[in-house]
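Contents: one structure, followed by commentary.
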Amino acid sequence: MLSEILKEPELATVARRAEEFRLQIVLGQVEGAPDGALRLRQETFRADEEYFYPASSIKLFAALAAVERVRRLREAEGIEVDLDTPLTLTPRFSRDGRAESPTPETFTVRRAVREIFLVSDNLAYNQLYEFVGPDGLAAAARRAGLERVRIVHRLSEFHSPSEHLQLPRIEVASTGTVFPARTSETLPMTPEPPRLEVGKGYYRGGELVEGPMHFGEKNRLPLTELQRALCMVVRPDVDCGGSGFELTEDERALFLEAMSQFPRQSEDPVYDAQEYPDDYVKPMLEGIERVLPGSRVAIYNKTGQAYGFSIENAWVVDRETDRGFFLTATLYTNQDGVLNDDVYEYEQVATPFLQALGQAVAERIWLGARAR
């Protein structure tokens with residue numbers, strides 16, 4: 001199906017230059033097996049052939065690891081803590097790189113999870129990253145059967161690799177429990193994908209550095225595993241290619257609501273609809289709504305965008321028929337080849353491509369053929 005879809009005019013321009021755009025796509029469909037089981041079948045286009053920077057799409061793993069850790073603290077260690085328990089951490093480093101004495105921050109795991117999916121909040125992600133640590137993130141992914149996930153740094157905070165391993169003191173004020181500051185274990189390297197060097201120059205400290213940026217110490221995972229992780233959350237009845245995450249029904253309900261809500265629909269936290277429109281973190285929404293009315297469609301997703309890379313990882317469902325599909329894609333749009341200059345063709349190329357891709361797949365799966 002993908003090969004035919006990518007011939008369509010709205011997609012062919014990028015698809016013909018797939019290597020230049022570092023284009024990768026995974027289309028996932030749930031199919032019944034002869035034994036009656038449901039399995040995820042993935043159809044791919046250039047998936048896992050080269051590196052892509054996953055940006056905020058990895059926040060899904062921080063949310064999952066944090067929710068699991070809360071339950072383990074309560075059940076295995078007897079600590080009276082749940083998703084709504086205030087936790088206070090004192091950052092090891094200033095969030096903005098300017099303050100000498102970082103200010104203690106209080107958060108709850110539930111609210112941080114909601115902020116991650118509703119508006120892709122970086123501070124919420126960093127708090128969960130510090131709550132579980134990169135070693136905890138890796139362990140949660142391994143337990144689920146996702147062996148090549150490597151998440152080793154905060155977002156929008158620029159520290160050395162060793163500093164990203166340093167985690168803060170965290171206090172459960174209601175119980176007096178304190179988790180002292182610690183240093184995470186260094187994660188083993190996963191196999192290096194091709195093309196870890198990106199661009200022809202990049203800004204560092206306000207100075208232009210000639211030559212590509214090397215992403216060897218950045219977060220990484222295969223696109224196929226990113227989709228499998230989402231499948232494990234939204235379709236626990238399906239064999240997604242691993243043992244899956246340990247979620248209760250209430251925990252899963254938290255993810256499903258946060259991933260599918262629009263910011264304007266949230267009562268906690270509350271967001272301004274003008275600042276955060278419906279498509280703020282749902283780049284395929286406009287394309288999907290060309291196929292079916294928005295009221296009939298649910299999109300459970302986590303997107304990402306940084307360094308010229310755009311990523312979408314979504315489960316899209318027709319509410320009336322319950323027919324759905326997984327669509328995970330990444331492309332790189334950086335015409336001048338310079339990173340950290342904030343000049344990327346997100347709105348001109350990446351988002352229109354993702355809209356058209358979502359529309360084309362939805363038409364094929366829901367309508368059986370192109371409607372135009």
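The values are calculated or read from the model by the stated rules, or taken from the named source; none is laboratory data. Source: prediction; values computed, not measured. Counting neighbours? That spans all protein chains shown, and the Cβs are built from the backbone with ideal geometry, glycine included.
Numbers at a glance
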| quantity | calculated |
| --- | --- |
| Verdict on Ala65 being small (Gly, Ala, Ser), within 22 Å of the chain's Cα centre (by Cα) and over 30 Å from Pro352 (Cα atoms) | yes |
| Some residue of the stretch 243-263 being of a type outside the set (A, V, I, L, M), at pLDDT 95 or above, out of contact with any helix residue (DSSP H, G or I) (no Cβ under 9 Å at 6 or more places or on another chain) and assigned to a loop (DSSP other than H, G, I, E, B) | no |
| Leu73 being assigned to a loop (DSSP other than H, G, I, E, B) and either of a type in the set (A, V, I, L, M, F, W, C) or buried (at least 20 other Cβ atoms within 10 Å of the Cβ) (or both) | no |
| From Ala63, Ala55, Ala140, residue being under 22 Å from Glu192 (Cβ atoms), small (Gly, Ala, Ser), buried (at least 19 other Cβ atoms within 10 Å of the Cβ) and touching a residue at least 12 places away in the same chain (Cβ under 8 Å) | Ala55 |
| Which listed residue, of Ser120, Ser101, is among the polar types (S, T, N, Q) and on the phi > 0 side of the Ramachandran plot | Ser120 |
| Strands (runs of 3 or more DSSP E) wholly inside the stretch 272-343 containing at least 2 residues that are under 17 Å from Gly358 (Cβ atoms) and among the hydroxyl-bearing types (Ser, Thr, Tyr) | 324-332 |
| Residue within the stretch 226-241 that is within 18 Å of the chain's Cα centre (by Cα) and part of a loop (DSSP other than H, G, I, E, B) present | yes |
| Any hit, the stretch 145-154, residues being farther than 22 Å from Phe52 by Cβ, surrounded by fewer than 16 Cβ atoms within 10 Å (Cβ to Cβ) and not hydroxyl-bearing (Ser, Thr, Tyr) | no |
| Lone unmet requirement of (1) touching a Ser or Thr at 6+ places or on another chain (Cβ under 6 Å); (2) modelled with pLDDT under 95 for Gln227 | (2) |
| Candidates Glu49, Glu68, Glu43, Glu80, filtered to the one that is buried (at least 17 other Cβ atoms within 10 Å of the Cβ), touching a residue at least 12 places away in the same chain (Cβ under 8 Å), of a type in the set (Asp, Glu) and outside any helix (DSSP H, G or I) | Glu49 |
| Qualifying positions in the stretch 149-160 - basic (Lys, Arg) and in contact (Cβ under 8 Å) with a residue 40 or more places away in the chain | Arg150 |
| Residue satisfying all of: in the stretch 54-83; in contact with a Gly (Cβ under 6 Å, 6 or more places away or on another chain) and hydrophobic (A, V, I, L, M, F, W, C); farthest from Arg220 (Cα to Cα) among these | Ala65 |
| Test result for Gln274, more than 23 Å from Thr333 (Cα to Cα) and loosely packed, with under 14 Cβ neighbours inside 10 Å | yes |
| Residue satisfying all of: in the stretch 215-270; among the small types (Gly, Ala, Ser) and under 30 Å from Tyr202 (Cβ atoms); surrounded by the most Cβ atoms within 10 Å (Cβ to Cβ) among these | Ala229 |
| Residue match in the stretch 167-181 (condition: loosely packed, with under 14 Cβ neighbours inside 10 Å and under 30 Å from Thr333 (Cα atoms)) | no |
| Subset tally (residues that are buried (at least 18 other Cβ atoms within 10 Å of the Cβ) and within 20 Å of Trp315 (Cβ to Cβ)) for the stretch 19-40 | 7 |
| Matching option when the condition is touching a residue at least 60 places away in the same chain (Cβ under 8 Å), buried (at least 24 other Cβ atoms within 10 Å of the Cβ) and under 14 Å from the mean Cα position of the chain (by Cα), among Leu331, Leu354, Leu327 | Leu327 |
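Results for (1) within 20 Å of Ala55 (Cβ to Cβ); (2) without any contact (Cβ under 8 Å) to a residue 60 or more places away in the chain; (3) part of a loop (DSSP other than H, G, I, E, B), shown as yes or no for each residue.
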{"residue": "Pro102", "(1), (2), (3)": "no, yes, yes"}
{"residue": "Glu130", "(1), (2), (3)": "yes, yes, no"}
{"residue": "Asp135", "(1), (2), (3)": "no, yes, no"}
{"residue": "Ser162", "(1), (2), (3)": "no, yes, no"}
{"residue": "Ile170", "(1), (2), (3)": "no, no, no"}
{"residue": "Thr175", "(1), (2), (3)": "no, no, yes"}
{"residue": "Leu187", "(1), (2), (3)": "yes, yes, yes"}
